[in-house]
Structures are given as structure tokens and as C-alpha cells.
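No value in this document is a laboratory result; all are computed from the given coordinates. The shown structure was predicted, so the numbers you read here are calculated from the model rather than taken from an experiment. No Cβ is skipped: glycine too gets one built from the backbone with ideal geometry, and neighbour counts run over all protein chains shown.
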């Protein structure tokens, strides 16, 4: 487990970029029809954005606290673009994304502290 965390910490930028590209593609792929009930996907939003923030939280690069703000703005832009690709624009998606970012930071901090105690 510690090896995996160190690997993520070392390649945090690549992990973050890959996750951001995956989120963008999955968020903007046009759907043949709109889902009948919007709002079923909030858990997926939370998990995706937690995964996006986790490597940055582990690494703590310079200006790391500004990065979640950029991700929130990016998430908002995706929500505004989604109606043009036959998807819903939902404020609750943005809320779930923001909560996911916070969860990613908290989880990373928890792992950092556990790792510091072991060393």
C-alpha cells in the first residue's frame, strides 16, 4: 500500500491529468437520449472528483490549495457545456463534484498522516 501511495505521490501530475481527461471525456460524450430521471449519478461524480484531487492532496505541490478552486471552475464549465451534448446541466452535480474534491483532500491527508507515523 505504501508503495502505491509513493508511486501516486511521485507521478501525481500524470495521475491528475489522466483523471481530468477521463472526467472530461465521460462528461461530454453525447448521449443518444437524456436520462429519464436526472440526479442518479451523484455518487459517481463524488468518486471521480475525489480521485481527481487525491494525488494532489498526497503531493502538496506549490499552490496546492488553489488547485481545487480551478477544478471547481472547470467542473462548472463542464456543467454549462453539457446541454449542448444532450446532457443535463445540474447544480447538484457541481455540489457533488465539490464534495468529491473535499473527500479526496481529506482522504489524502489521512494517508499522509498514517504514512508519517509509520516512518
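Filtered by the rule that a residue be buried (at least 22 other Cβ atoms within 10 Å of the Cβ) and more than 15 Å from residue 94 (Cα to Cα), the stretch 50-78 gives 54, 55, 56, 57, 58. Determine if the stretch 43-60 includes at least one residue that is out of contact with any helix residue (DSSP H, G or I) (no Cβ under 9 Å at 6 or more places or on another chain) and either more than 24 Å from residue 4 (Cα to Cα) or part of a loop (DSSP other than H, G, I, E, B) (or both). No - not one qualifying residue is present in the stretch 43-60. It is to be established whether one or more residues within the stretch 15-30 are out of contact with any strand residue (DSSP E or B) (no Cβ under 9 Å at 6 or more places or on another chain), part of a loop (DSSP other than H, G, I, E, B), in contact (Cβ under 8 Å) with a residue 40 or more places away in the chain and more than 30 Å from residue 118 (Cβ to Cβ). The answer is yes; a qualifying residue exists. Are any of the residues in the stretch 94-112 surrounded by 15 or more Cβ atoms within 10 Å (Cβ to Cβ), assigned to a helix (DSSP H, G or I) and more than 17 Å from the chain's Cα centre (by Cα)? Yes, that holds for at least one residue.
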